[in-house]
Amino acid sequence: MCYNVLCDKYATRQMYGYCPSWALEWDYRKKGILDEIRHYSADIISLQEVETDQFYAFFLPELKQDGYDGIFSPKSRAKTMSESERKYVDGCAIFFRTSKRSGQRVATLLSETKTAGSIPTIGKCVIEFLSAGRVSSEHRDFKELGYAGSLRRMPGSEHEFTHNFKLASAYSEDIMPYTNYTFDFKGIIDYIFYSKQSMTPLGLLGPLSQDWFREHKVVGCPHPHIPSGEHRRCIIVSDLLIQQP
């Protein structure tokens, strides 16, 4: 399950004027988010825009009751902040069901990923890199975004950056036409990639239908009935093939 929960500091009336202020409050949204996570009961849950304090004080203790453990990685600026400021820095969280062998695979994958370096998490270059396993060091996105320092830590040659993970996207635009549905933008900015060597996709929970939005007069998310914020949740059902030693 991949889910952007919309960081509390970004959930403002200035940003989402079409949503009632009470429906933007974290105390209101967090219950709906947790209810939806529990409803689908995925073995692996990936959350974005989670504040540090929300991870340790809310998501981790709540999901541990359901048999999950979790790992959290805040944005790098947290390293430069005091403890009181750091708790408001958002980042990514991954939870996995400890009773499944998939949890062991997640822990292994995370440790392998850390050794692979880091890349910008924005732009077409990232999608190309993950899909093809390589991307040119001269890609326009790299030049415009100025991530030279990060790129120097990437494996590969002087002219391109590479990775050894055999990945594929879980869905295409004809299946998932949008993962972001706001008043002024509707499109795909969230992706799920899976390992072609160890996973076989069986199904996908698609987006809410356009008819539902029209019937309920929803012009954009977040909305009182969609507490997850601007990004819709994406769920892929798959077989995880465990390689025997």
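FYI, it's all coordinate maths here, none of it is from the lab. Please read these numbers as outputs of a predicted model, since none were measured by experiment. Glycine gets a Cβ as well: all are built from the backbone with ideal geometry, and neighbour counts include every protein chain shown.
Using amide H atoms built in the peptide plane, which far-off residues or other-chain residues are under 5 Å from residue 183 H to H?
So residue 183 has HN proximity to 221.
If I model a spin label at residue 214 and residue 9 as a point 7 Å from the Cα along the Cα→Cβ vector, what separation in nanometres do I get?
Those two pseudo-labels are separated by 4.0 nm.
For residue 186, which lysines qualify as cross-link partners when the Cα separation must be under 27 Å and same-chain residues fewer than eight apart are set aside?
Candidates past the 8-residue exclusion: 9, 30, 31, 75, 124, 143, 217.
Would you list which aspartates and glutamates come within 15 Å of residue 166, measuring only between C-alpha atoms, while excluding same-chain residues fewer than 8 positions from it?
112, 128
If you keep only loop residues by DSSP, which GluC sites (Glu not before Pro) in the range 1-60 have at most 13 other Cβ atoms within 10 Å of their Cβ?
Hits after loop and neighbour filter: 25.
How much length, in nm to one decimal, is gained on full extension between residue 84 and residue 173, taken as 0.36 nm per residue of separation minus their Cα-Cα distance?
27.9 nm
Within the range 180-226, which trypsin sites (Lys or Arg not before Pro) sit in a loop by DSSP and count at most 10 neighbouring Cβ atoms inside 10 Å?
Hits after loop and neighbour filter: 217.
Taking 25 Å as R0, compute the FRET efficiency from the Cβ-Cβ separation of residue 76 and residue 127 and round it to 0.05.
0.70
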